[in-house]
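Derivation of every value follows stated rules applied to the coordinates shown; laboratory data play no part. All of these numbers come straight from a predicted model, not from anything done at the bench. FYI the Cβ positions are ideal-geometry reconstructions off the backbone, even for glycines, and counts take in every protein chain you see.
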Amino acid sequence: PRVFSSPQLLALLTQPLGTRLLIPQQCNLTGWWKNDLGSKMYVSEVDSQGNFLGEYHTAVSSAQKPIEPSPLVGSQHLDEDGQCTFGFTVNWKFSDSTAVFVGQCFAEKGGEEILQTSWLLREKVDSQPSNWKATRTGQNTFTRVG
Ligand code: BTN
């Protein structure tokens, strides 16, 4: 038997059947997103397993070289409650660094979708004594732009 979480039960009880059929809860990451730093990312089709590819256009960088769009690979849960979690890795093409993002999608009542993410950015260091300073962390909020 299917087990529902509390938010799912609430949605089932409060959302009329017609609305539920016409406006499915969203959470699919496919499309363009922009974050609070001005960075943009494109997620191409999410497959039936929740795997996806995309391209990250960062607005900021600590690298010496000019910024270039960089590939991302990730996966998301395919929950139908609009609150799925996901993760992706960005392999920066203009830098030796690698970033990983984890996050959750929140599908708001008006149809707006917000991605709340946390990231780790690993830079390359010369030797292990420098390992302590090699990882930055932070948070970004994304909204859909396309
Ligand atoms: C680098 O500086 O070596 C590569 C670019 C890193 C960009 C970071 S990743 C986390 C944060 N969120 C963004 O949108 N851009 C920065």
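Worth pointing out:
- Reach of Lys133 by Cα under 29 Å, taken over lysines that are not fewer than 8 positions away in the same chain: Lys34, Lys40, Lys65, Lys93, Lys124
- In range of the label at Ser127: residues from the range 63-83 whose backbone nitrogen is under 16 Å from the point 7 Å along Cα→Cβ: none
- In this rough spin-label picture, where each label sits 7 Å from Cα along the Cβ direction, the Thr89-Ala59 distance is 2.7 nm.
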